[in-house]
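S.K.: Sharing a structure, written as structure tokens. Questions coming.
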Amino acid sequence: MSEEVPPGTRARILRAAMDEFSARGYHATSVREIAERVGVTKTAVLYHFPGKADIITALAEPLLEDLEQCLKVAELVGPDDARWIVFEGLLDVWLKHRYLLRLNLRDLGLAASPAAFDRFRDGMLQANALVAGPDADFAHQVRAAQAIAMLSDPVVLFADSPLPELRDAVLDGVHSLFAGPKSPRPTRGRPPKMTDQVFLTCQQLHDRGFSASEIAATVGVSRATVYRHLAALH
């Protein structure tokens, strides 16, 4: 007879694993240590996750889903808008999952899960292509890679800093690489969150033919946020 596993154990395992991986690193943490932190046996952990790599796969899933959604939204618009959709959207993903991102950069824990690593790699390659733009030469491809790298490192280094200030500072740095009339800097201080009422207003403006930039300026959110929420209407 298999061991009875208390309800909610899976979520507790993931929280404990995140804490242990953050403190010790993925490779230095054993399944037994995770089990001890949760207060269950190793068998109970393996009931939910056949191996340690399956735990990191589960931890990475929300980040990967958010990353892929950001890229889907960017593909709906033209190259100039797509660039800033990627910059803002990807930065918001990193900020939301900043501790998992820090964990991965510490000892490349995501590489332990081939499925998670492949999705992460493919997403970053797609992000680079969207930022560089169609038919980009080598110099523009390199500049795109530099800008994308500028999104993650500050988030890892300053993960405990106030997020609005960190977000603005990061986007200011990225904008320094892409200054020009076709790549306007998003307005400082616009929040990435959209309430139900704001979304309703966006829908109404969209139905009246307003552009995403005009909607963003009217309701006080970023263009990336507008694109992300209005994508469901297409």
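The values are calculated or read from the model by the stated rules, or taken from the named source; none is laboratory data. If you're wondering where the values come from, they're calculated on a predicted model, not measured in any experiment. With ideal geometry, Cβ positions are generated from the backbone for all residues, glycine too; neighbour counts draw on all protein chains shown. Calculation scope for accessible area: heavy atoms of the full protein, side chains included, ligands and nucleic acids excluded. Shrake-Rupley method; radii C 1.70, N 1.55, O 1.52, S 1.80 Å.
S.K.: Give all pairs with beta carbons closer than 8 Å in which a residue from the range 1-18 that is in a loop (DSSP other than H, G, I, E, B) and modelled with pLDDT of 65 or more meets a residue that is open to solvent by less than 30 Å² (accessible area, probe 1.4 Å) and of a type outside the set (D, E, K, R); count only pairs at least 6 apart in sequence or on separate chains.
M.R.: Here the result reads none, with nothing in the range 1-18 linked to a residue that is open to solvent by less than 30 Å² (accessible area, probe 1.4 Å) and of a type outside the set (D, E, K, R).
S.K.: Within the range 24-44, does at least one residue satisfy the condition of being exposed (fewer than 14 other Cβ atoms within 10 Å of the Cβ) and of a type in the set (S, T, N, Q)?
M.R.: Checked against the condition, which is being exposed (fewer than 14 other Cβ atoms within 10 Å of the Cβ) and of a type in the set (S, T, N, Q), the range 24-44 yields at least one hit.
S.K.: While we're on this one: Looking for whichever is touching a residue at least 40 places away in the same chain (Cβ under 8 Å) and surrounded by fewer than 22 Cβ atoms within 10 Å (Cβ to Cβ) here; the options are D66, D81. Which one fits? So that I can check it myself, show each step before the final result.
M.R.: Values: D66 fails: touching a residue at least 40 places away in the same chain (Cβ under 8 Å).
Every option except D81 fails the conditions.
S.K.: Additional query: Examine the range 135-146 for a residue that is farther than 15 Å from F178 by Cβ, in contact (Cβ under 8 Å) with a residue 40 or more places away in the chain and not aliphatic (A, V, I, L, M), and state whether such a residue exists.
M.R.: No; the residues of the range 135-146 include none that is farther than 15 Å from F178 by Cβ, in contact (Cβ under 8 Å) with a residue 40 or more places away in the chain and not aliphatic (A, V, I, L, M).
S.K.: Here is a list of conditions, (1) within 21 Å of the chain's Cα centre (by Cα); (2) surrounded by 13 or more Cβ atoms within 10 Å (Cβ to Cβ); (3) at pLDDT 75 or above, and M194 meets all of them except one; can you say which number that is?
M.R.: (3)
S.K.: Any idea how many residues of the range 58-110 are within 30 Å of D135 (Cα to Cα) and in a helix (DSSP H, G or I)?
M.R.: Initially, the range 58-110 is screened for residues within 30 Å of D135 (Cα to Cα), giving 63-94.
Then keep just the ones that are in a helix (DSSP H, G or I); that gives 63-74, 79-94.
Matching residues across the range 58-110 total 28.
S.K.: Could I ask something else about it? For the range 91-109, which residues satisfy the criterion of being among the aromatic types (F, W, Y) and open to solvent by 10 Å² or more (accessible area, probe 1.4 Å)?
M.R.: Taking the range 91-109 and keeping what is among the aromatic types (F, W, Y), we get 94, 99.
Residue satisfying the conditions is Y99 alone.
S.K.: Which of the residues belonging to the range 45-58 are open to solvent by 30 Å² or more (accessible area, probe 1.4 Å) and either among the β-branched types (V, I, T) or free of Cβ contacts under 8 Å to residues at least 60 places away in the same chain (or both)? Before you say what the answer is, go through the steps one by one.
M.R.: The first filter runs over the range 45-58 and keeps only residues open to solvent by 30 Å² or more (accessible area, probe 1.4 Å), leaving 46-48, 50, 52-54, 57.
If the condition is that a residue be open to solvent by 30 Å² or more (accessible area, probe 1.4 Å) and either among the β-branched types (V, I, T) or free of Cβ contacts under 8 Å to residues at least 60 places away in the same chain (or both), then L46, Y47, H48, P50, D54, T57 are the ones that fit.
S.K.: If you go through the range 154-164, how many residues are open to solvent by 50 Å² or more (accessible area, probe 1.4 Å), free of Cβ contacts under 8 Å to residues at least 40 places away in the same chain and under 19 Å from G89 (Cβ atoms)?
M.R.: Let us first name the residues in the range 154-164 that are open to solvent by 50 Å² or more (accessible area, probe 1.4 Å), namely 157-158, 160, 162-164.
Then drop every residue that is not free of Cβ contacts under 8 Å to residues at least 40 places away in the same chain, which leaves 157-158, 160, 162, 164.
From what's left, under 19 Å from G89 (Cβ atoms): 164.
Residues meeting the conditions: 1.
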